[in-house]
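Input: a single structure, listed below in structure tokens.
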Amino acid sequence: MSEPAVQRRGLGDVIPRPAEVRPDPAADFRIGTGTAIRTAPGSAAARRVGEHLAALLRPATGFALPVGEESGAIALLLDDGAETDGEPDGDEGYRLEITPEGVTVRAAAPAGLFAAVQTLRQLLPAEIDGAAPRDADWVLPGGRITDRPRFAYRGVMLDIARRFFTVAEIEAYLDSVVQFKINHLHLHLTDDQGWRLEIDGWPRLTEVSGGAGTGVDGAGPGYLTRADYTELVAYAAERFVTIVPEIDMPGHVNAAQVAYPELTADGTAVAPRTDTEVGYSSLVAGKEETYAFVEDVVREVAALTPGPYLHIGGDEAQATTAEDYRTFIQRVLPLVAKYGKRVVGWHEMAGVELPETAVAQYWRIEAADEGTARAAANGSKVIMSPADRTYLDMKYTADSPLGLDWAGVIDVERSYDWDPAERLPGVGEEALLGVEAALWAETLRSLADAQTMTYPRLPAVAEIGWSPRASHDWESFRRRLAAFGPRWRHQGVAFHPSPEIPWAEA
Ligand code: NGO
């Protein structure tokens, strides 16, 4: 029996929506047994993007799809100084042309080729994500796309402190998020319930606070060795994703104090905590041991992290006086700079004067925030993560089995229908580094749980971060999103079948 014909896709059926799409229905290209992939001469990075594309297409097509510099109907080319309408395309911009003869991608940098590959993948029928070869018409819709991101930073945060996720789980998660042109993975590595990154000279952090019984309800033990973390960084870099490590301080440090009682005010041991209370623990601002510890951690994390950012948390320090908070942040800011990193912190950090290079991440649900606005006025950049729009751990509806609801329930339309440049007075387009969706793990017990909370809301935040403001359109978005039902099924990615979306059948 022959398999059902797969459906031809429209050139604009992509998330995030490309900046400019000019379809030419007479110019479709068909990938066939003889199709090869040609990559920019002399560029090992372009070659790797070509291999990445081939690896995505081989299982379902069953085609060989050789990758080389000599010939091939699908060309991934580097074109320095590419510009559109006089504007440079930037590292992630690309131009894509599909004609009956083939596909040509041009980008100024390999990251742009990688972004174009994500677009190409979505332009093929959903069956392309199947694991086994099938006989189908692998048609790419004809025309041209010119694309570039609105914001340089489009992130997702994964909390591995409340529930540890293994390297394999984090890599699987990463593979699914890059489809939506997410380019930063923020790892929340430490919290009251666990410490998840091995630190030289402080072995008990992970032996004790990464061990059995740690995590919310004790259900999330485990930690990343230095080698694990290094592997993750490399895996992410191959996908043009920068890892942003977070060590949360001065609050959210119970796990560190369980491991090292000298980090408490009177040096007495505290009990491990597996509940979800916040705001009860604090490093001691007036103690030199504190800064010896922090410096060791910052030095190690900086050394392991090639990316420019180091996130120091700074949220919910209710157990720290305002004066101690200021003392602490002012001591830690130069330490991060000393080890060559740009500091990121939750926006409470902006209550302290910050250097211009510091980045504040807004996460609350209030309509205004003085500190964040002041930091923006002083030249600092802001990452927008308002909890009532971008927190992937909020319930979809009141009866969602997973998730919290302190910032309200968030359906897909609510994740989509907002603009980061209008979220806070004094924090406009120019002040924004970008947007980030955050997945806190108090209620998560598996990778499938993490995926269920992430999809389909992450694509909404990804489109907010990438696509031009003027292209935002809920009706268009929900139609395009509908196509991901069968895609995620083929990919083995769990998702919440939100009733707002007219899901396509497999
Ligand atoms: C808050 C809190 C986290 C919680 C999360 C739950 C921030 C920045 N600090 O967000 O500790 O896990 O809410 O939604």
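Brief remarks on what is shown
- In this entry, His184 passes the filter for residues that are surrounded by 20 or more Cβ atoms within 10 Å (Cβ to Cβ), under 22 Å from Leu310 (Cα atoms) and away from the ligand (no atom under 14 Å from the Cβ).
- Residues located in region 441-454, provided they are buried (at least 24 other Cβ atoms within 10 Å of the Cβ) and outside any helix (DSSP H, G or I): Ala441, Leu444
- Residue in region 186-204 that is over 27 Å from Ile15 (Cβ atoms), at pLDDT 95 or above and part of a helix (DSSP H, G or I) present: yes
- Test: residue in region 412-419 that is surrounded by 18 or more Cβ atoms within 10 Å (Cβ to Cβ), assigned to a helix (DSSP H, G or I), within 16 Å of the ligand (Cβ to nearest atom) and touching a residue at least 40 places away in the same chain (Cβ under 8 Å): yes
- Residue satisfying all of: in region 357-374; assigned to a loop (DSSP other than H, G, I, E, B) and within 11 Å of the ligand (Cβ to nearest atom); surrounded by the most Cβ atoms within 10 Å (Cβ to Cβ) among these: Trp363
- Residue match in region 1-17 (condition: open to solvent by 30 Å² or more (accessible area, probe 1.4 Å), outside any loop (DSSP other than H, G, I, E, B) and modelled with pLDDT of 95 or more): no
- Residues being under 24 Å from the mean Cα position of the chain (by Cα) and either of a type in the set (S, T, N, Q) or within 16 Å of the ligand (Cβ to nearest atom) (or both) - total across region 316-356: 9
- Selected residue (criterion: surrounded by the fewest Cβ atoms within 10 Å (Cβ to Cβ)) from residues of region 375-399 that are within 14 Å of the ligand (Cβ to nearest atom) and in contact (Cβ under 8 Å) with a residue 60 or more places away in the chain: Leu392
- Criterion (within 16 Å of the ligand (Cβ to nearest atom) and either modelled with pLDDT under 95 or not acidic (Asp, Glu) (or both)) met by exactly one of Leu433, Leu458, Leu447: Leu458
- Evaluation of Gly434 against the conditions (1) at positive phi; (2) assigned to a loop (DSSP other than H, G, I, E, B) shows that the sole unmet condition is (2).
- Checking Asp135, Asp175 one by one, the residue that is open to solvent by 10 Å² or more (accessible area, probe 1.4 Å), acidic (Asp, Glu) and either part of a loop (DSSP other than H, G, I, E, B) or free of Cβ contacts under 8 Å to residues at least 24 places away in the same chain (or both) is Asp135 and no other.
- Residues that are within 18 Å of Pro468 (Cα to Cα) and modelled with pLDDT of 95 or more, drawn from region 78-117: Glu92, Gly93, Tyr94, Arg95, Leu96, Gly112, Ala115, Ala116
- Residue in region 452-473 that is under 30 Å from Asp192 (Cα atoms) and of a type in the set (Gly, Ala, Ser) present: yes
- Residues in region 473-506 that are exposed (fewer than 14 other Cβ atoms within 10 Å of the Cβ) and either modelled with pLDDT under 95 or closer than 12 Å to Pro125 by Cα (or both): 2 in all.
- Filter pass, Ala152 being in contact with a Gly (Cβ under 7 Å, 6 or more places away or on another chain), within 16 Å of the ligand (Cβ to nearest atom) and aliphatic (A, V, I, L, M): no
- Within region 28-37, the set of residues being under 18 Å from Arg121 (Cβ atoms) and of a type outside the set (Gly, Ala, Ser) comprises Asp28, Phe29, Arg30, Ile31, Thr35, Ile37.
The values are calculated or read from the model by the stated rules, or taken from the named source; none is laboratory data. Note that the coordinates shown come from a computational prediction; the quantities given were computed from them, not determined experimentally. Glycine also receives a Cβ, built like all others from the backbone with ideal geometry; neighbour counts cover every protein chain displayed. Just so you know, the surface numbers come from the protein's heavy atoms only, side chains and all, with ligands and any DNA or RNA stripped out. Shrake-Rupley method; radii C 1.70, N 1.55, O 1.52, S 1.80 Å.
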